[in-house]
Every structure is written in C-alpha cells, then in structure tokens.
Amino acid sequence: MRERLVEDRQTMADDFAAALGACARGDRKGLRFIFDTEAGRLIAVAQRIVRRRDLAEEVVQEAFIRIWKSAHQYTPERGSARGWIYAIVRNRALNMLRDGKREDLVTDDHLDMLQEAQHVEHIMASWHRLDQNARLRECLSTLEETRRKGILMAYVGGYTHGEIAGRLKLPLGTTKSWIRRGLSSLRECMA
C-alpha cells in the first residue's frame, strides 16, 4: 500500500513536470492539466492570503498567465513542479497585498446608500442654491432641519412619505405630520 502511494506521488510529480514542459513548448494541454488538477486548491491557498474569493480568483488567473509565460524557467533541480506552481500563486497573492491594490468592492446595498446620500445632498444643495433674498429660502430656513429635509425630499426629490420616513429613520406618521405642519408653516410664512 505504501509503495503504491509513493508511486502515485511520483507519477503526479512527473505529470506536473511534464505539464510545465508542455507549457514551455506552447502546448495548451499542459496548462489545462494543471488547471483541472489544481485550480480549486490554488484558489483556496490564495484566498487564505488575500481573504476574499474574488481576489483569490484574480490571483490564480494572473498566476496561470505567469505559469504559461514562465514555464521554461522551471528546473527540477530547484524543487518540484507542483511546488513551483504553488510558489507562483503564493507570491502573486502576497504581491497583491503588498502593492495595496486590493480593491474594496462595494456591495449593492452600500452602493445604494452612497447614491442615496449623494441624491439627498443634491436635494439639500438645491435649497442652498436659492437666491439669498428669496422668500422661499427665508421661510425654509425657519423650519427645523429634519422637517426642511423632509419637505425638500418630497417636493424636490419626489420621494413618497414612506421613502422619506425610511431614509430619515422616522415613523411614517411622524414624517407625514412633520411634512404637513412644515407645509402649513411655509404657507403662513409665504403669505
């Protein structure tokens, strides 16, 4: 049993060396063999280093390009073919960390929040763009900030009362009454 295991390991080592030799000659079957045999484990190694699956996949993709282009540099005297392949992946992952080029990807929820914040800022900027002497600006400035924001979100941004309540983290009834009272105050002020 032990002899069989040693034979299997030697055969696999020979297979990786042969695959690298094929890559060095421009034979894509060698690269395909390495990919089919080791890609999953290579991604796991990279992921342990960079801590994100998407970046690990990128590391392995870059590593396979490097393997393809540099296969002629492999020499069996310096170590196993499989070890050489893993060293490339490990080095690519470490280089990604060192270079600081890891992109922090933004989740869809976070992107929505960022876009929402920009939209609310745009709405509030419309109030600041009003002429300094405009009666509407003067009347809006008399309102408490949250109420002013709610009115501007409704009438400039087109948000529903429910959307405003959600964005301002207020109960719907409170939001509706603040907007209603704010509009009443604006009417009185403008009259």
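The values are calculated or read from the model by the stated rules, or taken from the named source; none is laboratory data. Just so we're clear, the structure is a prediction, and the values are computed from it rather than from any experiment. Cβ: placed from backbone, ideal geometry, glycine included. Neighbour counts: every protein chain shown. For accessibility, only protein heavy atoms count, side chains too; no ligands or nucleic acids. Shrake-Rupley method; radii C 1.70, N 1.55, O 1.52, S 1.80 Å.
Here are the numbers for the structure shown:
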| item | result |
| --- | --- |
| Some residue of region 98-105 being modelled with pLDDT under 90 and open to solvent by less than 90 Å² (accessible area, probe 1.4 Å) | yes |
| GLU77 vs. criteria surrounded by fewer than 17 Cβ atoms within 10 Å (Cβ to Cβ) and part of a helix (DSSP H, G or I) | yes |
| Qualifying positions in region 47-83 - among the small types (Gly, Ala, Ser) and within 17 Å of the chain's Cα centre (by Cα) | ALA56 |
| Unmet requirement for GLN61, which otherwise passes all of (1) surrounded by 16 or more Cβ atoms within 10 Å (Cβ to Cβ); (2) at pLDDT 90 or above | (1) |
| Region 1-42: number of residues that are modelled with pLDDT of 90 or more and not in a helix (DSSP H, G or I) | 3 |
| Residue list for region 150-191, filter: touching a helix residue (DSSP H, G or I) at 6+ places or on another chain (Cβ under 6 Å), β-branched (Val, Ile, Thr) and in a helix (DSSP H, G or I) | ILE151, ILE164, THR175, ILE179 |
| Search result, residues across region 126-149 that are hydroxyl-bearing (Ser, Thr, Tyr) and assigned to a loop (DSSP other than H, G, I, E, B) | THR142 |
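Conditions (1) modelled with pLDDT under 85; (2) under 30 Å from GLU188 (Cβ atoms); (3) surrounded by fewer than 12 Cβ atoms within 10 Å (Cβ to Cβ), marked per residue:
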| residue | (1), (2), (3) |
| --- | --- |
| ALA44 | no, no, no |
| VAL50 | no, no, no |
| LEU55 | no, no, no |
| ILE67 | no, no, no |
| ASN95 | no, no, no |
| THR107 | yes, no, yes |
| MET113 | yes, no, no |
